[in-house]
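Data first, discussion second: the structure below is written as structure tokens.
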Amino acid sequence: MEFRHLGRSGLKVSEISYGNWITHGSQVEEDAAKECVRAALDEGITTFDTADVYAGTKAEEVLGRALKGVRRESLEIFTKVYWPTGSGPNDRGLSRKHITESIHGSLRRLQTDYVDLYQAHRFDYETPLEETLKTFDDLVRQGKVLYVGVSEWTADQIAAALRIADDMGFDRLVSNQPQYSMLWRVIEAEVVPLCEKEGLGQVVWSPIAQGVLTGKYLPGQPPPAGSRATDPTGGGFISRMMDDDLLTRVQQLKPIASDLGLTMAQLAVAWVLQNPNVSSAIVGATRPEQVRDNVGAAGVKLGEDVLARIDEIIGAVAERDPAKTVSPQKRP
Ligand SMILES: NC(=O)c1ccc[n+]([C@@H]2O[C@H](COP(=O)([O-])OP(=O)(O)OC[C@H]3O[C@@H](n4cnc5c(N)ncnc54)[C@H](OP(=O)(O)O)[C@@H]3O)[C@@H](O)[C@H]2O)c1
């Protein structure tokens, strides 16, 4: 495993991290979840990403149990707040009340006294930014949170938060967690240039496009049994990419991967890691073999010729519009 700084902070994270969205507490049984976490630790992953909302808070509980007994100082545990965790109007968003209640729930479920990174899971238009940032700053001062970041915020939203933090002396954001893959490049135009200048790192999600970039979904064929596309929850999220033109182009990446001695998953993860503003690529997995496969991307360098060949094949279906970074206008 190789390690990178989380943005300009002093914290080092494994350049491949493990996330448990869709899987823990939902698609996979607890034994499989624990085996994946064990494989991640064995392969040198130290950074684990979850959220209060995943599997209706069950994902944090599973991760807490799976990491029990592991030396806390050897781990970086990331979680998030914003999406609903209950039915009430205050069980969501980035108000002082919900953030304070949510961090306590997360710490209890994760069985830890602090999280290394606490992330605003979307931008909350219904809460003054000062209120959110002051609350985050208080949590840092209380030692419950070591670093703060955001997820899927636009460049303008991140810039506004940095201005307030600098004016008020609040702890600065160190990271953003956006979707990023060969197929989803919307951060490149605005978010990455701002974050490079301001010292935030990207902790990127769905680098394998939820499994699509492994090439296992074949055009014109039903999805393989047990894959995310067949899962009641996951199927909805992946459906946008179940398109024959896109899947045909993905198949054309296979010779590039095999010429390099890489699997398709490794090529996909290595691709996001070529961007120096990426601090870590969060991979998901339903089986330990997938974790071991994906970790093979650590330290891989792709030449300009390879990146150009990938662009020729995928470029026409890759999404690049920065306006695709959106948070709900009203809290969900
Ligand atoms: N901040 C946000 O809003 C946000 C949103 C989404 C995700 N995330 C974070 O990012 C993490 C990763 O997201 P993701 O799970 O979509 O990432 P991903 O790594 O692109 O996709 C993971 C899924 O692809 C399949 N897969 C992975 N490796 C494979 C391999 N080597 N061979 C074959 N299939 C493979 C598995 O599903 P099957 O076996 O079921 O096919 C696996 O669950 C999440 O856990 C979460 O921590 C954050």
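Readers should treat all values here as calculations from the given coordinates under stated rules, not as data from a laboratory. The shown structure was predicted, so the numbers you read here are calculated from the model rather than taken from an experiment. Glycine also receives a Cβ, built like all others from the backbone with ideal geometry; neighbour counts cover every protein chain displayed.
Quick notes
- A simple spin-label model places the labels of A160 and K68 4.3 nm from each other, with each point 7 Å out along Cα-to-Cβ.
- Spin-label model distance (nm) - D245 vs E289, 7 Å beyond Cα toward Cβ: 3.4
- Each of Y125 and T233 was given a label point 7 Å from its Cα along the Cα-to-Cβ line. The distance between the two points is 2.7 nm.
- Ordering M241, M1, M168, M182 by the number of other Cβ atoms within 10 Å of each residue's own Cβ, fewest first, gives M168, M1, M241, M182.
- R0 of 25 Å, Cβ-Cβ distance L260-V317: FRET efficiency to nearest 0.05: 0.70
- Placed amide H near F3: partners under 5 Å, 5+ positions off or other chain: E15
- Working note: Karplus 6.51/-1.76/1.60 with θ = phi - 60° gives region 209-218 the couplings 6, 6, x, 4, 6, 6, x, 7, 8, 9 Hz, where Gly and Pro are set to x.
- Gyration tensor (alpha-carbon) shape descriptor, region 82-149, a/c threshold 1.5: oblate
- Three-way shape call for region 193-332 based on the alpha-carbon gyration tensor, with the a/c threshold at 1.5: rounded
- Candidates per trypsin sites (Lys or Arg not before Pro) in region 1-100, loop by DSSP, up to 16 other Cβ within 10 Å: R8, K68, R71
- Options A285, V300, P232, ranked by Cα towards positive dipole end of region 187-332, top entry (Cβ charges): P232
- For region 108-127 versus region 189-238, the gap between their alpha-carbon centres in whole angstrom: 22
- Mean separation of Cα contacts under 8 Å (6+ apart) over length of region 247-311, as relative contact order %: 35
- Anisotropy class of region 1-142 from Cα gyration tensor, a/c 1.5 cut: oblate
- Rounded to the nearest 20 debye, the dipole magnitude of the chain is 560 debye, with +1 charges on Lys and Arg beta carbons, -1 on Asp and Glu beta carbons, and the Cα centre as origin.
- Sequence-separation-based contact order of the chain, relative, with Cα cut under 8 Å and 6+ spacing, percent: 22
- 3J(HN,Hα) along region 260-270: 8, x, 10, 7, 4, 4, 5, 4, 5, 6, 4 Hz, from the Karplus curve 6.51 cos²θ - 1.76 cosθ + 1.60 with θ = phi - 60°, whole Hz, x for Gly and Pro.
- Which listed pairs, of K80/K144; K58/K80; K97/K134; K34/K68; K144/K197; K97/K144, have C-alpha distances above 20 Å, in listed order: K144/K197
- Top of Y180, Y118, Y217 by mean-square fluctuation, Gaussian network on the chain, Cα under 10 Å: Y217
- Helix-only [θ]222 nm of the chain, DSSP H runs n ≥ 4, -39500 (n - 2.57) each, per residue, nearest 500: -10500 deg cm²/dmol
- Relative contact order of region 84-185, pairs being alpha-carbon contacts under 8 Å that are 6 or more residues apart, as %: 25
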